[in-house]
1. Let me confirm something: among 156, 130, which residue is within 25 Å of residue 300 (Cα to Cα), polar (S, T, N, Q), crowded, with 16+ Cβ neighbours inside 10 Å and out of contact with any Pro (no Cβ under 8 Å at 6 or more places or on another chain)?
2. For the range 169-194: of the residues being exposed (fewer than 15 other Cβ atoms within 10 Å of the Cβ) and in contact with a strand residue (DSSP E or B) (Cβ under 7 Å, 6 or more places away or on another chain), which is farthest from residue 319 (Cα to Cα)?
3. Residue 16: among the acidic types (Asp, Glu), assigned by TED's automatic domain parsing to the domain that holds residue 82 and touching a residue at least 12 places away in the same chain (Cβ under 8 Å), yes or no?
4. Looking only at the range 178-190, decide whether some residue is modelled with pLDDT of 90 or more, part of a strand (DSSP E or B) and among the small types (Gly, Ala, Ser).
5. Looking at 66, 34, 71, can you tell me which residue is within 30 Å of residue 13 (Cα to Cα), surrounded by 13 or more Cβ atoms within 10 Å (Cβ to Cβ) and among the hydroxyl-bearing types (Ser, Thr, Tyr)?
6. Only residues that are acidic (Asp, Glu) and either touching a Pro at 6+ places or on another chain (Cβ under 7 Å) or at pLDDT below 70 (or both): list them for the range 83-112, please.
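The values are calculated or read from the model by the stated rules, or taken from the named source; none is laboratory data. Remember, it's a predicted structure, so these values are computed and weren't measured experimentally. Positions of Cβ are backbone-derived with ideal geometry, glycine not excepted, and every protein chain shown enters the neighbour counts.
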Amino acid sequence: MKLTYASSRKREFIVDRTTAYFGSFAWVVSQVMSGLCLVFAAFLALKGMISVGDIVVFQSYFNSISGNVQSIVNIYPELAKGLESVRSVSEIVLSDSVEDNRDKIQLRYVHGSISFENVCYRYPNADKDTIKNFNLEVNPGECIAFVGASGSGKSTIMNMIIGFLQPTSGTFKIDGKPIEEVSLPTYRHFISVVPQNSILFKGTIRENITYGLVNVWEKDFQDVIEKANINEFLGLLPNGIDTVVGEHGDKLSGGQKQRISIARALIRDPRILILDEATSALDNISEHHVQKAISSLIKDRTTFIVAHRLSTIRDADKIVVMNEGEIVEVGTYDELVAKKGHFYELKKLNEIKTDEE
């Protein structure tokens, strides 16, 4: 049965209501038992079987035991939710139906050649294609920038390149091999993504950069630190590269976090690199440092850039201008400006927005 948002909310409400009822019931039972204990002890005192002082002792003992029992009982709802959460996570982690990579081509190396041939993509239950007749040839080592309004299909193309989505029609090839014939885990080994919002974990800067890697040569690590322009701010930190950053890197600025993300991508030596608006949320000074790091990152790699600030893609080999899922213009920065078409209009709007900032 398909779990919709409404049904999920309904189930969450049922769980919360059941937990509330359970806690209330346990509290009522505890209070009733405490009252019965008090009445029984008073009855024994009236019969002369115990002294009046013993009533206080019995009541204290009962409340102590009852409190401990209630604490143990109250653990049950949390334990049940925890077990259900583990089961839900296990269904995802252990599932083999998300991607079937059996008997597919195991890639030992990726050169970075990308080909889109009449590619269309339509999301499930959508009434029209998000990507329409998309054609693009990318040679190894080229830098391709994508620009266009929100909803023009840029993110969908990036998800296809990563392998999260596959065309509903047309052919998407990696080094001449159709994506559906390629083992995606081996293909993704050669891809790195630098998102708009950096994802950092609680730990040292070194651990965040080498996350997921077993053996990293110190020489390679130091080379990455230099290329990502991280040395510029390490002297400001108490323990340098071994400084512990908080959850989500809350002890660092936006530009510092982004450079750590770039170093994480660089140390994996990817053949295909995706920069998803990597500088759009930064101020001008941070953008300058991050842009220097990106210049080192994209060298000799097939790079795809989703651009927010058009000034950052001036040196791209090709700029692809998209509108409603279609390519409307392709060319270098100077060629597209000279055409005075869609890109030229976007450039003027971008300059107006930059001036307002």
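1. 156
2. Result: 181.
3. No; evaluated as a whole, the condition is false for this residue.
4. No - not one qualifying residue is present in the range 178-190.
5. 66
6. Residue satisfying the conditions is 96 alone.
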